[in-house]
């Protein structure tokens, strides 16, 4: 398959994830959407890395995966904290910074 | 130094300035009153002596003497200079100014003796400043210095007219004088700027040189001379800017004698005399000057006939005589106008000071409170009649020759209309002045005649005043009894001095006719004398003998009389212009400012606030909205960067 | 047909289908399961791209670790048993338009771009070179990553500590 196929696949995946982030009410649901977006980015990186005959992209992807893991852990810890203090896990209820 | 005209003139001009500074700065001196008066009188006396000597020296050299110092620098030499210009004209004017100023200041010592010392000090400070500024105008070598001193003269007149500032009429009169002359001064300033633009210099001698060597394009000169004339109109009370002079009588009488008879009002005439070479190039403007002068002379004479306040009569008389001077200048013979300026200064000051003595005795300005005062105030009566005869133009008295010169000049210039106006005014002048004499000094005494001043020592001094210049009147006898009778030495002295000068001038000119540039027609002198005598006769018949009824005379000229009582509605015209035009315009501008200018700002600020309120709603606080906005923005950005489907 | 092409289409369909499942399912737990499927499909794509090591890492970390953590978070913050949480949102239309727009834009850019068609020769050395790079050229980021993970670990355990 040509490179453009992989890139298009990644783009579709990215926008599905974006749609999820925008529309999900539950905070954890938003995080799942973010996961999808990051996944798409990783596919992009690996595809470019393979088609340009270099391993640097894969190293980059490795780092991205690790950082994503850390980020998810922390994000969920925050969700738990908010749930504990305000008894809600719905993102739209967290609007105390509104103007 | 007694042979250096420049040093003498500088001394003359700067001595009163030094007196003013001293009195103004050293508070104890001013608050003490009489010592400040002494300082001022000493200074102006010094000026008088220096001026006389300078005149003697100036008359002996053919060319004017000029001494100037650089003041404002510029690339091509000095932009503005200060200095003195000494020639027979300016030194003669200096003598008039300092002479009248000295006599007035001495006279004021007694006239204002009831003033508190602090006020007296203030008065003499103003007097010194005025003398300095008037002399500044007289010896100014360039138009810029002239203008600055001219404005200073205006300020001093405001200060002196409004001397009794607690009186509302006095304050208003001072303001009116200031504003009316200011209207003319705008013209003067414009004229000065224009002539600088045209000729590149302010200096009078240089301008004369340029004009006489035909180095100037004279097409723009008409506007310039008209603007200069506007300034003269204001200060010299020509129609219609004459309205301030009668009201200015609210000031103390010595002030009127100094400012509104001999010096400040003559500044306008003097200006035209100094710049006659400019006006000679614009005959149209000169014609205007002549006609306005004639109208002023006649109108003021009519107005003087219906006045009941003695000072108002004299004020309108001054306006009328100023019209005479201007007409002579307009006819092209500035010398005749200048001569009349000099003689008028002497006898009008005399008349004012005499009126002051009467007012001081009677404690009222109104002629209905006066009558039969010749018995009580014989000296005052004599000097007043001398002054009146001079003003009426009777031979052997001062005004005779100069009035004749003016009439002859008007004829020689070909201005028949103004000539007839002047002739009529001469008749009226004799009439209304002798009306004053007969009503005030003769006829039945009125109940309100108060007590006059002490027994006079003036008889002794009459012999001393035979000379042509003032002696030292500084010694104050200190004993002034108030037991009815002629005024004391300090007031009588100046009166007699002026009276004798008037007689001397009159006698001299009657016997040696002044040189004139034109030929007097033979019939002019008899006609003029007849006109004067006719006026005197009419006044005699009406007011002394009661042979002609004053009421019948009044009703004979009914409409004119009514118009005269309303001051020909000139004041009303100015007031209407102010109220309707100026205030109306101000209201319109105010409305525009409030609703349009401010309105625009208020609308913009209101929109800003409302916009801010609306935009605030974007901050919902919800992450989902923010991310949506982010994504939408990303899409827009992608489009903008050249993407398309 | 080329096995690679066939594999690609199957994996692509699975991936996109499970992604749609993640965002469209009402039940949160079901979303997580769909996510697990999509992560595994991604690992398959990596295999297609000859990135074996990354496929392994993907399965280990993502499908193993992340899913576990998310499940626990859901357990803590939501009652799963007997309750279906409504997840309708007001931004469906807007979000749909924006997402569709973005994908259209990117796809058009890709189609117009000059990208390679054929892949170069595959070597069996990919994993080896990754390891070499990690320990030589990219050693510093590698170590920093370790610190980052440590920091994240400490922070997460602090945040999620039991209340006293």
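General observations
- Only Cα pairs under 8 Å and 6+ residues apart enter the sum, and on that basis the relative contact order of chain A stands at 27 percent.
- Efficiency of FRET from Cβ geometry, residue B:587 and residue B:284, R₀ 51 Å, rounded to 0.05: 0.85
- Chain B shape via C-alpha gyration tensor axes, a/c threshold 1.5: prolate
- Helix B:221-235 and the longest principal axis of the C-alpha atoms of chain B enclose an angle of approximately 70°.
- Helix B:88-111 axis, angle to chain B major axis (alpha carbon atoms, nearest 10°): 80 degrees
- For C:14, B:388, order by how many other beta-carbon atoms lie within 10 Å, fewest first: C:14, B:388
- Region C:99-164: C-alpha gyration tensor shape, a/c 1.5 cut-off, then a/b vs b/c: oblate
- Residues B:9, A:34 in ascending order of nearby Cβ atoms (within 10 Å, fewest first): A:34, B:9.
- For region B:488-533 and region A:31-99, distance of Cα centres in Å: 118 Å
- Per-residue [θ]222 nm for chain B (sum of -39500 (n - 2.57) over DSSP H runs n ≥ 4, rounded to 500): -22500 deg cm²/dmol
- Alpha carbon centroid spacing (whole Å) that separates region B:178-203 from region B:375-403: 38 Å
- Region B:264-306: C-alpha gyration tensor shape, a/c 1.5 cut-off, then a/b vs b/c: oblate
- Taking chain C as a Gaussian network of alpha-carbon nodes connected by springs under 10 Å, the highest mean-square fluctuation of the residues C:31, C:111, C:41 belongs to C:111.
- Counting beta carbons within 10 Å around each of B:316, B:111 and listing the fewest first gives the order B:111, B:316.
- Peptide ranges C:129-142, B:82-95, A:56-69 listed from the most packed, as the mean C-beta count within 10 angstrom indicates: B:82-95, A:56-69, C:129-142
- MRE, 222 nm, helices only [DSSP H, n ≥ 4, -39500 (n - 2.57), over chain C, to nearest 500]: -22500 deg cm²/dmol
- Residue by residue along A:32-45, Cβ atoms of other protein chains within 10 Å of the local Cβ number 5 on average.
- Tilt relative to chain B, helix B:264-274 - C-alpha long axis, 0 to 90 degrees, to 10: 80 degrees
Bear in mind these aren't lab numbers, they're just calculated from the coordinates by the rules spelled out. Keep in mind it's a predicted model, so treat the numbers as computed, not measured. Here Cβ is always computed from backbone atoms with ideal geometry, including for glycine, and neighbour counts include all displayed protein chains.
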